[in-house]
Amino acid sequence: MTTTPARPLDLLDIDGLHSEEELAIRALVRRVVDDHVRPNVAEWYERGEVPVRELAKELAGVGLLGMHLEGYGCAGASAVAYGLACLELEAGDSGVRSLVSVQGSLAMFAIWKYGSEEQKSEWLPRMAAGDAIGCFGLTEPDHGSDPASMTTRARRDGDDWVLSGGKMWITNAPVADVAVVWARTDDGVCGFAVPTDTPGFSARVVHHKLSLRASCTGQIFLDEVRLPASAQLPLARGLKAPLSCLTEARYGIVWGALGAARDSLHTALDYAGAREQFGRPIAGFQLTQAKFADAAVELQKGYLLALHLGRLADAGRLRPEQVSVGKLNNVREALGIARQCRTILGANGISAEYPIMRHAANLETVLTYEGTSEIHQLVIGQRLTGLAAFA
Ligand SMILES: Cc1cc2nc3c(=O)[nH]c(=O)nc-3n(C[C@H](O)[C@H](O)[C@H](O)COP(=O)(O)OP(=O)(O)OC[C@H]3O[C@@H](n4cnc5c(N)ncnc54)[C@H](O)[C@@H]3O)c2cc1C
C-alpha cells in the first residue's frame, strides 16, 4: 500500500504503462505549456486573439508540428507520444492543441500523404519549423456534417485549375501561408495546396466566438483562384482523402480532451481543499467527493481508451470507427467533467481567474468539430448494424 495522495491520473498507476521516452515527451510538452501557454492564455482568451506565429515557433522548437510524421523535418514520433503531447497542450487550452492538430494532422498530413514530392519539399520543412502556417478548408457555410454536398468547385482551364466558392470555420485561415482546399471537380472531390497570396484568395476572421477564443478561426473566399496543375494534391481522390485527414486529427482530440478534463479536475481538487464552508474544507463533503470520484473514474477510463487506440495506431491497426468511439466518449466525458468541476468552484467557477469555464466553453467546440458527437454515434451505429443512417 502506498500513502501517496491519489491524483486524477495515477489512481490506477497508468504511468506504468508508458515507456521512459513517452514520459519524457510528456514532461517536455508539459514544461512548454507551463512556460508559454499558461501565463498568457487567459488574456488571449479574453481578447479573442492568439499570437499564432510566435506560438507556432515555440511549439516547433520542441518538434510538436507534424510530430507524428516521418521525414521533411518532422519528428517521426509514435502515435502515443503524439497523443500525450495533445493531452498536455489541451491541458493548457483546446485552442493551442487545435493549432497543433490543424497544422500537423490536417494541413501537413494532407500534403505528406497525398502531395507530390515537390509539394512536400516546398511546404513540410517550413511547416514543421513553424515558418509557414497551414489551414485545412473542408467545411462550407451550408455544408458541415455533409461535406459530400460541397459547392466549392475547381474547373480546368488549359493546364490550370480555377477554384471558386468558399469555406467557413477554418482554423488559422486568416494567418495561413498555405490552405489545403477541398473542391468538387468533374472527377469528384480533389485537394489543392493553395498559397494564400494567390490572387482571388482571401480570408477574414470569424468574430463573436464564445468558445475556442484562443484560436484564430476564419472564413475563406475563393474568387476565381487560378492555380497551376502542380497545386493539385495528386494522390487525393474523392472524399475519403479529407476524411482520412480528419481521422488523424480526431485521434489527437481523443487524447486532447482528457487534458482539458484533467486540468479542470486538478483545479477543482486544489480549490476544494482550500475553500471552507460550514467550518470545513468543501473537499470533505460527501457530495463533492462523489463529483471527484466520478470525474476521476471517467478520466482514467478515457485515458485507457486513448492509450489502447494509440497502441493500435502504432501497430498500424487503428480503424476510423475506433477513433469515433474515442472521440465520442472522451469529449463527451471531458465536457461533463469540466461542467461538474465548475460547480465545485461556485461563483469563482465562472471567472477567467480559473481555467475551468474556459475549458468547458472550449469543449463545446471540440464536441462539434472534426465530426459532431451525433455523426460519431452514426459511424458507430453503422458499424454495429451494417446500415448507414447518414450517407
Ligand atoms: C472553432 C471551430 C473551428 C473549426 N475548424 C475547422 C477547420 O479548420 N476546417 C474545417 O474544415 N472545419 C472546421 N470547423 C467546422 C466543423 O468541422 C463543423 O462545424 C462540423 O463539421 C459541423 O458542421 P456544422 O457546424 O455545419 O453543423 P451541421 O452539419 O449543420 O450540424 C448541425 C447539427 O445537426 C446534426 N446533424 C447533422 N447531420 C445529421 C444526421 N445525419 N443525423 C443526425 N444529426 C445530424 C449535427 O450533429 C449537429 O448537431 C470548425 C468549427 C469550429 C466551431
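The values are calculated or read from the model by the stated rules, or taken from the named source; none is laboratory data. Computed from a prediction, not measured in an experiment: that's the story for all the values here. When we count neighbours, we look across all protein chains shown, and the Cβ atoms used for this are built from the backbone with ideal geometry, even at glycine. Just the protein is used for accessible areas: all its heavy atoms, side chains included, with ligands, DNA and RNA removed. Shrake-Rupley method; radii C 1.70, N 1.55, O 1.52, S 1.80 Å.
Structure summary
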{"quantity": "Those strands (runs of 3 or more DSSP E) lying entirely in region 109-197 with at least 3 residues surrounded by fewer than 16 Cβ atoms within 10 Å (Cβ to Cβ) and without any contact (Cβ under 8 Å) to a residue 60 or more places away in the chain", "calculated": "153-157"}
{"quantity": "Of the criteria (1) over 19 Å from Leu243 (Cα atoms); (2) of a type in the set (A, V, I, L, M); (3) in contact with a strand residue (DSSP E or B) (Cβ under 6 Å, 6 or more places away or on another chain), which one Ala110 fails", "calculated": "(1)"}
{"quantity": "Residue count for region 198-225, restricted to those that are in contact (Cβ under 8 Å) with a residue 60 or more places away in the chain, of a type in the set (D, E, K, R), touching a strand residue (DSSP E or B) at 6+ places or on another chain (Cβ under 6 Å) and closer than 23 Å to Gly95 by Cβ", "calculated": "0"}
{"quantity": "Candidate set from region 198-212 (those that are open to solvent by less than 50 Å² (accessible area, probe 1.4 Å) and within 12 Å of the ligand (Cβ to nearest atom)); member that is nearest to the chain's Cα centre (by Cα)", "calculated": "Leu212"}
{"quantity": "Test: residue in region 249-266 that is open to solvent by 30 Å² or more (accessible area, probe 1.4 Å) and either in contact with a strand residue (DSSP E or B) (Cβ under 7 Å, 6 or more places away or on another chain) or β-branched (Val, Ile, Thr) (or both)", "calculated": "no"}
{"quantity": "Residue selected from region 213-240 under the condition assigned to a loop (DSSP other than H, G, I, E, B) and touching a Phe, Trp or Tyr at 6+ places or on another chain (Cβ under 7 Å), by the criterion farthest from the ligand (Cβ to nearest atom)", "calculated": "Leu235"}
{"quantity": "In region 253-289, the residues that are farther than 12 Å from Ala338 by Cα and acidic (Asp, Glu)", "calculated": "Asp270, Glu276"}
{"quantity": "Search result, residues across region 335-367 that are within 16 Å of the ligand (Cβ to nearest atom) and touching a Lys or Arg at 6+ places or on another chain (Cβ under 6 Å)", "calculated": "Ala360"}
{"quantity": "Given (1) under 28 Å from Leu12 (Cβ atoms); (2) away from the ligand (no atom under 12 Å from the Cβ); (3) of a type outside the set (S, T, N, Q), number of the condition Glu370 does not satisfy", "calculated": "(2)"}
{"quantity": "Per-region count, region 224-266, residues under 30 Å from Asp34 (Cα atoms), over 15 Å from the mean Cα position of the chain (by Cα) and hydrophobic (A, V, I, L, M, F, W, C)", "calculated": "1"}
{"quantity": "Residue selected from region 346-381 under the condition open to solvent by less than 20 Å² (accessible area, probe 1.4 Å) and within 23 Å of Gly48 (Cβ to Cβ), by the criterion nearest to the chain's Cα centre (by Cα)", "calculated": "Val366"}
{"quantity": "Test: Arg53 is of a type in the set (D, E, K, R) and farther than 15 Å from Arg126 by Cα", "calculated": "no"}
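Residues are listed down the side, and each one gets a yes or a no for (1) of a type in the set (Val, Ile, Thr); (2) surrounded by fewer than 19 Cβ atoms within 10 Å (Cβ to Cβ); (3) in contact with a Cys (Cβ under 8 Å, 6 or more places away or on another chain); (4) under 25 Å from Met357 (Cβ atoms):
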{"residue": "Asn40", "(1), (2), (3), (4)": "no, yes, no, yes"}
{"residue": "Glu43", "(1), (2), (3), (4)": "no, yes, no, yes"}
{"residue": "Glu46", "(1), (2), (3), (4)": "no, yes, no, yes"}
{"residue": "Val50", "(1), (2), (3), (4)": "yes, no, yes, yes"}
{"residue": "Arg53", "(1), (2), (3), (4)": "no, yes, no, no"}
{"residue": "Ala60", "(1), (2), (3), (4)": "no, no, no, no"}
{"residue": "Gly66", "(1), (2), (3), (4)": "no, no, yes, no"}
{"residue": "Ala77", "(1), (2), (3), (4)": "no, no, no, no"}
{"residue": "Tyr82", "(1), (2), (3), (4)": "no, no, no, no"}
